[in-house]
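Engineer: Below: one structure in structure tokens.
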Amino acid sequence: MTTDDTAPWWQGAVVYQIYPRSFADHDGDGVGDLQGVIDRLDHIAGLGVDAIWLSPFYRSPMRDFGYDVSDHTDVDPLFGDLDTFDRLLTAAHERGLRLLVDYIPNHTSSEHPWFTAARSGREHPYRDRYVWRPPAPDGGPPNNWLSVFGGGPAWTYDEPSGEYYLHSFLPTMPDLNWREPAVREAMFDVARFWLDRGVDGFRVDCAHFPMKDPQLRDNPPAADGALAMHRPYGDYDTQRHVHDKGHPDNHGLYRELRRLLESYEPGGSRIAVGEVHVFDWAEWATYYGEQLDELHMPFNFGLLQTAWRSDDVRDLIARIDSVLPPGAWPSWVVGNHDEPRVASRIGAAQARVAMLLLLTLRGTPTLYAGDELALPDADVPPHLVQDPWGRTGQAHGLGRDPQRSPMLWSAAPGAGFTRDGVTPWLPFADDPAVRGVEAQDGRPGSMLTLTRALLRLRAERPELRRGAQTLLTELPDGVVGYLRHTEGSALLVLLNLTSTTRQITRAGLSLEGPPGPFELLAATSDRAAPGPVGLPLLLGADEAVVLRVS
Ligand code: NOJ
């Protein structure tokens, strides 16, 4: 916990992301629920994180597992009810944990009463809450926009009314029309509903999607190589998405949301963190707002997309630093419910290095539940695929089930996730007797032990929470390093991104002051911390360390 700082809480915080279906199943139906989260709050508080981001738990037909909302102000019975939510919020706050919830502005479920009303006829007053257009002259969709989830156009024809409606994702997820004032009003009421209940803020889903080109112009074709920093999305990648999302008018929306948040606590303890899946970093940074008056932080997904090589990781860190508007606070992510697990992307040994990186870089880290165990992706055979994108995007390996596999708590039947004899909604990713929380608890060298130690160190060291960052550029190939410093005190972080040793000499560190020995504060290896470390330092294979240098 951060107690000694004057900066806003979220700048010193570590956020823990829970995908509620996969965290803990209290009622024994094989799917996680809110009471399950309450049951496991001590694990979260014991880790040493400061806030939870809870993925959607709203009423939903679950075509996209809750990102398709049919009632924004109720809890889906699968997860509990509003009373359970209130108890969760209170129990989290009692443990000093803030709670962020998902806010999904771009679309609703097609079963949302707004859409049912809009669909009932062209003259219905709710019609314009969604985006409707007549067919193109050939009877086809009004323009060439494609659904992110594959499966063709972002338009579905509505036979009775003779018009198409827009859906950037599934046909069961129609896009809201944010140019219609009633939508703004109704959706800001939704935000108020949760803020009034006491949530500490929002994670804004698809934050760059709501405003589109008002003329709905065709997207141009993608240039070769334009998507170098981006996991391939299949057909969707054949276009440059300049008209179907990312319109500058999104900024007005976030200025308005920011004003709403500030109206609760001026100065800002209620926050908005946005999913801005944009890899043109200059454009990405605009979501902070010119006056830092939009999103408190856009998520930075760079580490999910960058090749795990020292040059690329270093360039990314430098690039983020260079685009941040003055005073803007960075954020970092190495995993979430949409991306393959870090332990599978880069291997278990490097996942430890990534954890040390995530928890020592300047900025607010978001830790995806299960990454503290180095959970790998689960093997999900075709007949068990749940994710709609897993079906349409099978050819491209786009299914997100593997990273949504349930938490492993104990060696008990059901892995402590669900009850004995109940089949979890997705298969487990690993042996709970080895990979689970109970098995890793207190075990020297386990990922859980490392994660807790790093979170403790971060809580103790203002250099890590708030300090400035100087990236080192003269280190051997394969090594990323930086200093985190406050006045008069500096920590050195060195990360070997390879599986062979590297020698670190004084020349590579460009340090002023005495040549050490330095004090080792944390390591991914079994090097004894705290303890002295001299130069030259042999950084072992897959080893990362935090040293106190002054
Ligand atoms: C981003 C969410 O993280 C993802 O899970 C969801 O499918 C899309 N937005 C659509 O809401």
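The values are calculated or read from the model by the stated rules, or taken from the named source; none is laboratory data. The shown structure was predicted, so the numbers you read here are calculated from the model rather than taken from an experiment. Backbone-built Cβ (ideal geometry, glycine too); neighbour counts: all protein chains shown. SASA here: full protein model, heavy atoms, side chains in, ligands and nucleic acids out. Shrake-Rupley method; radii C 1.70, N 1.55, O 1.52, S 1.80 Å.
Engineer: Once Rh for the stretch 1-104 is found with the Kirkwood sum over Cα pairs, what is the Stokes-Einstein diffusion coefficient at 25 °C and 0.890 mPa s, in µm²/s?
Structural biologist: Diffusion coefficient, whole number: 173 µm²/s.
Engineer: Right, another one. With every protein chain kept in place and ligands, DNA and RNA left out, what is the accessible area per residue of the stretch 301-418? Probe 1.4 Å, answer in Å².
Structural biologist: I get 29 Å² per residue for the stretch 301-418.
Engineer: Tell me the carbon and sulfur percent of the accessible area for the chain, rounded to whole percent, probe radius 1.4 Å.
Structural biologist: Carbon with sulfur: 51 percent of the solvent-accessible area.
Engineer: Same structure again: What angle do you read, to the nearest 10 degrees and between 0 and 90, between the alpha-carbon axis of helix 447-460 and the longest principal axis of the chain?
Structural biologist: The angle comes out at about 80 degrees.
Engineer: Ok, one more. What's the longest bit of the chain with no exposed trypsin sites (Lys or Arg not before Pro), using DSSP loop states and at most 16 other Cβ atoms within 10 Å as the test?
Structural biologist: Here the longest run is 310-418.
Engineer: Could you rank 269, 499 by how accessible they are, 1.4 Å probe, largest area first?
Structural biologist: 499, 269
Engineer: Over the stretch 1-113, average the accessible area per residue using a 1.4 Å probe and give it in Å², no decimals.
Structural biologist: It amounts to 30 Å² per residue over the stretch 1-113.
Engineer: Along its three principal axes, how long is the stretch 394-478 when you only count alpha carbons? Whole Å, largest extent first please.
Structural biologist: So the three principal-axis extents are 54, 40, 24 Å.
Engineer: Next question. Just to be sure I understand: if I project the alpha-carbon convex hull of the chain onto a plane and average over all orientations, what area do I get in nm²?
Structural biologist: Computed as one quarter of the Cα hull surface, the answer is 24.8 nm².
Engineer: Right, something else. Please work out the FRET efficiency for the pair residue 123 and residue 386, using the Cβ-Cβ distance as r and a Förster radius of 30 Å; give the result to the nearest 0.05.
Structural biologist: 0.20
Engineer: Once you treat every alpha carbon in the stretch 397-539 as an equal point and sum by Debye, what is log10 I(q)/I(0) at q = 0.10 Å⁻¹?
Structural biologist: Ignoring solvent entirely, the Cα scatterers give -0.52.
Engineer: Place a +1 charge on the Cβ of each Lys and Arg in the chain and a -1 charge on the Cβ of each Asp and Glu, then give the dipole magnitude about the Cα centre in debye, rounded to the nearest 20.
Structural biologist: So the magnitude is around 1080 debye.
Engineer: Treat the stretch 336-412 as a sphere of radius equal to its Kirkwood radius over Cα pairs and apply Stokes-Einstein at 37 °C in a medium of 0.692 mPa s; give the translational diffusion coefficient in µm²/s, rounded to a whole number.
Structural biologist: Translational D for this selection: 242 µm²/s.
Engineer: How big is the gap, in Å, between the Cα center of the stretch 248-267 and the Cα center of the stretch 496-550?
Structural biologist: Centre-to-centre distance over Cα atoms comes out at 44 Å.
Engineer: Non-local amide H neighbours of residue 520 (under 5 Å, H modeled in plane, Pro and chain starts lacking H): which ones?
Structural biologist: 531, 533, 548
Engineer: I'd like the distance between the alpha-carbon centres of the stretch 126-176 and the stretch 32-87, rounded to an integer number of Å.
Structural biologist: Result: 31 Å between the Cα centres.
Engineer: Volume per residue, Å³, of the convex hull around the alpha-carbon atoms of the stretch 456-500?
Structural biologist: Spread over its residues, the Cα hull of the stretch 456-500 gives 78 Å³ apiece.
Engineer: Now, a different point. Taking the simple approach of a point 7 Å from Cα along Cα-to-Cβ for both residue 29 and residue 538, what is their distance in nm?
Structural biologist: 5.8 nm
Engineer: At 25 °C and a viscosity of 0.890 mPa s, what translational diffusion coefficient does Stokes-Einstein give for the stretch 73-156, taking Rh as the Kirkwood radius over Cα pairs? Give it in µm²/s as a whole number.
Structural biologist: Roughly 148 µm²/s, to the nearest whole number.
Engineer: Taking the Cα-to-Cβ direction at residue 282 and at residue 180 and moving 7 Å from each Cα, how far apart do the two end points lie in nm?
Structural biologist: 3.7 nm
Engineer: While we're on this one: Quick one: if you stick a label point 7 Å off each Cα along the C-beta vector at residue 308 and residue 526, how many nm between them?
Structural biologist: Using points 7 Å along Cα→Cβ, the separation is 2.2 nm.
Engineer: Same structure again: R0 = 30 Å: FRET efficiency of residue 265 with residue 322, Cβ-based, nearest 0.05?
Structural biologist: The pair residue 265/residue 322 has a calculated efficiency of 0.40.
Engineer: Quote to one decimal, in nm, the extra length available between residue 512 and residue 157 on full extension: 0.36 nm per residue of separation minus the C-alpha distance between them.
Structural biologist: Net length gain for the segment: 121.1 nm.
Engineer: For the stretch 274-308 and the stretch 420-454, what is the separation of their C-alpha centers, rounded to whole Å?
Structural biologist: 32 Å
Engineer: Right, something else. Is the C-alpha gyration tensor of the stretch 46-201 telling us rounded, prolate or oblate? Criteria: a/c under 1.5 is rounded; beyond that, a/b larger than b/c is prolate, otherwise oblate.
Structural biologist: Verdict is prolate for the stretch 46-201.
Engineer: If each residue of separation counts as 0.36 nm, what is the full-extension length gain between residue 6 and residue 73 once their alpha-carbon separation is subtracted?
Structural biologist: Answer, rounded to one decimal: 20.7 nm.
Engineer: Set the Förster distance to 41 Å, then compute FRET efficiency between residue 500 and residue 411 from the Cβ-Cβ distance, nearest 0.05.
Structural biologist: The formula returns an efficiency of 0.70 here.
Engineer: If you don't mind, another one. Taking 1 over the mean of 1/r across every pair of different Cα atoms in the stretch 321-380, what Kirkwood radius in Å do you get?
Structural biologist: 12.4 Å
Engineer: When you take every Cα atom in the stretch 431-482, what is the radius of gyration, and what is Dmax, the widest Cα pair distance, in Å?
Structural biologist: Radius of gyration, then largest Cα-Cα span, for the stretch 431-482: 15.7, 43 Å.
Engineer: Around residue 203, which amide H atoms from residues at least 5 apart in sequence, or from another chain, sit under 5 Å from its own amide H, with H modelled in the peptide plane?
Structural biologist: Excluding prolines and chain starts, which carry no amide H, the hits are 101, 102, 103, 273.
Engineer: I'd like to know which of 285, 514, 82 lies farthest towards the positive end of the charge dipole of the chain, counting +1 on Cβ of Lys and Arg and -1 on Cβ of Asp and Glu.
Structural biologist: 514
Engineer: If I stretch the segment between residue 216 and residue 468 completely, what's the gain in nm (0.36 nm per residue apart, minus their alpha carbon distance), one decimal?
Structural biologist: Stretched out fully, the residue 216 to residue 468 stretch lengthens by 86.4 nm.
Engineer: Quick one, can you get me the convex hull of the C-alpha atoms of the stretch 135-286 expressed as volume per residue in Å³?
Structural biologist: 138 Å³
Engineer: If you bin every alpha carbon distance in the stretch 495-550 into 10 Å steps from zero, what whole percent lands in each bin?
Structural biologist: For the stretch 495-550, the pair-distance distribution reads 25, 58, 18, 0.
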